[in-house]
Amino acid sequence: MGGAGPGEVHAAWLPPEAFRAVGSRRVLVCGAGTLVGTVRRELAQACGRYGGTVLWQPGPGPVDADPEDRTAGVDLVLALSAAGPLPAAAAEVAAQCRRRAGALGAGGFVLARTADVTVVLAEEPAGLLYGLFHLVRLGGSAFGAAPGWERHRPAMRLRMLDHWDNVDVHPLMGQVERGYAGGSIFWRDGSPRGDLTRVRDYGRLLAACGVNAVSVNNVNVHATEARLLTDRLGDVAAIADVLRPYGIRVHLSVTFAAPVVLGGLPTADPLDADVRAWWAGTTRQVYDRIPDFGGYVVKADSEGQPGPFTYGRSHAEGANLLAEALAPFRGVVHWRAFVYDHRQDWRDRSTDRARAAFDHFAPLDGRFRSNVVLQVKHGPMDFQAREPVSPVLAAMPATRLAVELQVTQEYTGQQRHVCYLATWWSEVLGFAPWGDHRTVATLAAGDSGDGGGLVAVANVGDDPFWTGHPLAQANLYAFGRLAWDPRLDPAAVLDEWIGLTFPPAPAGGHDLVRRTLHEMMDDSWRTYERYTAPLGVGFMVRPGHHYGPDVDGYEYTPWGTYHFADRDGVGVDRTRASGTGFTGQYPQPWCDVYESPDRCPDEPLLFFHHVPYGHVLHDGSTVIQHIYDTHFAGAEQVAALPRRWDRLAGLLDPGVHARVRERLDEQVRSAEEWRDQVNAYFFRKSGVPDAHGRRIP
């Protein structure tokens, strides 16, 4: 791992070697503007390192007085279609584009090779930026003999990361809530970081994988963070100025009570005229300072955050208040659907946290303004290692929906365990709620590309390796790539990340690096699932910090996260026939598939059903034997990881190798703890011994 770019990014993808292929070319850039300037700077640095040359044609007219001589020998052109007259190769691609591609839109580009010239053509500057980073991914193959003609467009218009960063250090959650990679890259001890070089480098990394929006503060908006909307807006503007050259728009989490806590009004009632006027005036001031501001993120009436319920108003009325203020500036409000009763009576089995988002929001479909994006967690609970897809995603066809993922590994090892999540996300995005061609990905994209897109909780911090565990960077990279194209193969995306992060070195060994990382990471999410909570039941973690096993940790608490294990069986009855009725929130065919313990897939069985320990799964194993087998197998698979990693000693940066080795040792210890606690718990509950006679503590 190395670094490149204006700030020499360290220990992440895009080291200098990744730019060798483009940096050794004679390049012509056609176009002008902030993002085109970024493309030129990236190319100039690469060419300065590897012997190439960069020419620039800002708009109509020749490069200089002798354009034919000046552009002779150019073998790479990156051009805006309106920056003509284009050189012959680019003009030919532009003509093909008019015949074959139609509009490329924001971020789209065409990549072609003609007459020994590689051409990236875009209609908008963002397309050139993404086209450049696509060339970097391709390396030397972008300049091969095959002519080729490819059209690339992002499937999701919005590809966004939410930072749960606090300005002040929170007494319980610290500088970053659910952050596992050190402090915030934006804030430190109540103030903005003075040096924003790392923020600029971060924007560059995100642009290279396709992310185009970032929310810079925690959705749980505390007192200091609330002021970012008004008297501390300059702090947000400084971040926006640094991220803008990489095509990233800044969003801000705001408190619904802002008119009261900031404006001195007696109410935050969304139907109050003074409240509406306050939001309109405040939002106008935001755009005066940050003209390309993206919009607001709101967590309301959830886990103690204020919201419209205080005034007897609906979530639609609350969201529409902010949307009205943002509409003149084409801003959006991301309204989170994570709303549930967190003071539940654990003895009352009729109350079901999984139902909450659907019950709150499905009746409001069609009542949200067009610039409201309802942000829905991909599962009905809270980012567990296995959950079914949220039924809300199939229940609101008249509402813009964003699918929310969690890159920071709150419930999947907290960036101390290897857990490549793209495999799981790909399953979620490919899920078809109605059993036809319509998938979660197409719902997020929208019929005309105007859907809510993908949003994820970010996982970076000020740790030298960005994500604490160096291999956890792959999840951040994969989120951006799947948001750009959810059809991508997760293994291929991982291969991209490996190639960009560990490019071939003169000492060789790159094939071993690539092969070893695939062996360790391709199946790592399922490995994590094997040694933690079984069959979709979830939440067997230690309360509060959520790291490590505690089978009954949440079982008798008000949080609504139960497994209901007893001497006869385990799981939550969410059927229509005898349980909470949650299965009825799904459309056909899934409402009937999940209703039946025989038809329900094994993976989420205990999420939907309370079954006996002797219940036979589709693979012929009983539930109790499955628990034993998977926990033994998962711990064994983890035990093999350090041996695999040790093969790479001497082939990687020593600091990277040491940090990963340290994290692997902790993963081995933790997996054994999970194995022993879960197996012992269910052995004592069920009284059923392991069929293979293995030792259970």
message = If you count only protein heavy atoms with a 1.4 Å probe, what accessible area per residue comes out for the chain, rounded to a whole Å²?
response = 36
inquiry  = Placing unit charges on C-beta atoms (Lys and Arg positive, Asp and Glu negative, everything else neutral), compute the dipole magnitude of region 380-477 about its Cα centre in debye, rounded to 20.
reply    = 120
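Pulled fully out, how much extra length does the chain show between residue 82 and residue 173, if you take 0.36 nm times their separation in residues and subtract their Cα-Cα distance? Mind showing how you got there, number by number?
Values: separation 91, 0.36 × 91 = 32.76 nm, distance 4.97 nm.
Extra length from residue 82 to residue 173 when fully extended: 27.8 nm.
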Two-decimal Rg to Rh for the chain - Kirkwood Rh, Cα set = 0.98
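In deg cm²/dmol, rounded to 500, what helix-only [θ] at 222 nm does the chain give when every DSSP H run of at least 4 residues adds -39500 (n - 2.57) and the total is split over its residues?
The helix contribution divided over the chain gives -10500 deg cm²/dmol.
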Overall Cα dimensions of region 415-455, principal axis frame, Å, largest first = 39, 23, 9
remark   = Here the relative contact order (percent) of region 147-195, from C-alpha pairs under 8 Å and at least 6 apart, is 29
ask   = What do the square roots of 5 times the Cα gyration tensor eigenvalues come to for region 532-635, in whole Å, largest first, as semi-axes of the equivalent ellipsoid?
value = 22, 18, 12
inquiry  = Please list 3J(HN,Hα) in residue order for region 236-245, calculated via the Karplus relation 6.51 cos²θ - 1.76 cosθ + 1.60 where θ = phi - 60°; whole Hz, with x for glycine and proline.
reply    = 5, 4, 5, 5, 4, 5, 7, 7, 4, x
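Could you work out how much longer the chain between residue 588 and residue 676 gets when fully extended? Use 0.36 nm per residue separation minus the Cα distance between them, nm to one decimal.
27.7 nm
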remark   = Residues whose built amide H sits under 5 Å from the amide H of residue 294, excluding neighbours closer than 5 in sequence, are 250, 251
key: HN-Hα J in Hz across region 325-331 - Karplus 6.51, -1.76, 1.60, θ = phi - 60°, x for Gly and Pro   = 5, 7, 4, x, 10, 6, x
key: Relative contact order (percent, whole number), the chain, Cα cutoff 8 Å, 6+ residue spacing   = 11
query = Roughly how many whole Å is it from the C-alpha centroid of region 167-195 to that of region 588-631?
reply = 42
query = If ligands, DNA and RNA are left out, what is the accessible area of residue 47 with a 1.4 Å probe, given in Å² to the nearest 10?
reply = 10
inquiry  = Positive end of the dipole of region 563-604, charges at C-beta (+1 Lys, Arg; -1 Asp, Glu), about the Cα centre: which of 601, 571, 589 has its Cα farthest in that direction?
reply    = 589
inquiry  = With a 1.4 Å probe and all protein chains kept in place, how do 178, 353 rank by accessible area, largest first?
reply    = 178, 353
task = For region 502-629, give the percent of accessible area contributed by carbon and sulfur heavy atoms, probe 1.4 Å, rounded to a whole number.
result = 54
query = For region 468-553, treating each Cα as an identical point scatterer without solvent, what Debye log10 I(q)/I(0) comes out at q = 0.20, 0.26 1/Å?
reply = -1.00, -1.23
key: Spin-label pair residue 510/residue 311, simplified geometry with 7 Å Cα→Cβ offset, distance in nm   = 5.9
message = Taking 20 °C and 1.002 mPa s as the conditions, I'd like the Stokes-Einstein D for region 234-286 in µm²/s, using the Kirkwood hydrodynamic radius from alpha carbon pairs.
response = 170
ask   = Between residue 578 and residue 100, what is the label-to-label distance in nm when each label sits 7 Å out along the Cα-to-Cβ direction?
value = 6.0
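Quick one: putting +1 on the C-beta of Lys and Arg, -1 on the C-beta of Asp and Glu, what dipole do you get for region 91-137 around its Cα centre, in Debye to the nearest 20?
In debye, rounded to 20, region 91-137 gives about 160.
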note = With x for Gly and Pro, the residue-by-residue ³J(HN,Hα) of region 198-203, computed from phi through the Karplus equation 6.51 cos²θ - 1.76 cosθ + 1.60 at θ = phi - 60° and given in whole Hz, is 5, 5, 4, 4, 4, x
query = Given H placed on each backbone N at 1.01 Å, which residues far from residue 114 in sequence or on other chains put an amide H within less than 5 Å of it?
reply = 119
key: Distribution of pairwise C-alpha distances over region 604-651, 10 Å bins, in %   = 22, 35, 20, 16, 8, 0
request  = Could you give the size of the charge dipole of the chain about its Cα centre, using +1 on the Cβ of each K and R and -1 on the Cβ of each D and E, expressed in debye and rounded to the nearest 20?
outcome  = 900
query = How fast does region 548-592 diffuse by Stokes-Einstein, in µm²/s, taking the Kirkwood radius from C-alpha pairs at 25 °C and 0.890 mPa s?
reply = 199
ask   = Taking the simple approach of a point 7 Å from Cα along Cα-to-Cβ for both residue 365 and residue 434, what is their distance in nm?
value = 1.0
task = Ignoring everything but the protein chains, give the 1.4 Å probe accessible area of residue 685 in square angstrom, nearest 10.
result = 60
remark   = Residue span residue 450 to residue 643: 0.36 nm per residue of separation minus Cα-Cα distance leaves a gain in nm of 64.7 nm
Carbon/sulfur fraction of accessible area - region 192-243, other protein chains in place, 1.4 Å, % = 49
inquiry  = Along each principal axis of its Cα atoms, how long is region 71-187 end to end? Whole angstroms, biggest number first, please.
reply    = 62, 28, 22
task = Please give the solvent-accessible surface of residue 136 in Å², to the nearest 10, using a probe radius of 1.4 Å with every protein chain present.
result = 10
inquiry  = So if I average 1/r over every pair of distinct C-alpha atoms in region 161-238 and take the inverse, what Kirkwood radius in Å does that give?
reply    = 12.9
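The values are calculated or read from the model by the stated rules, or taken from the named source; none is laboratory data. Keep in mind it's a predicted model, so treat the numbers as computed, not measured. All Cβ positions, glycine included, derive from the backbone under ideal geometry; neighbour counts span all protein chains shown. Accessible surface is based on the protein model in full, side chains and every heavy atom, while ligands, DNA and RNA are left aside. Shrake-Rupley method; radii C 1.70, N 1.55, O 1.52, S 1.80 Å.
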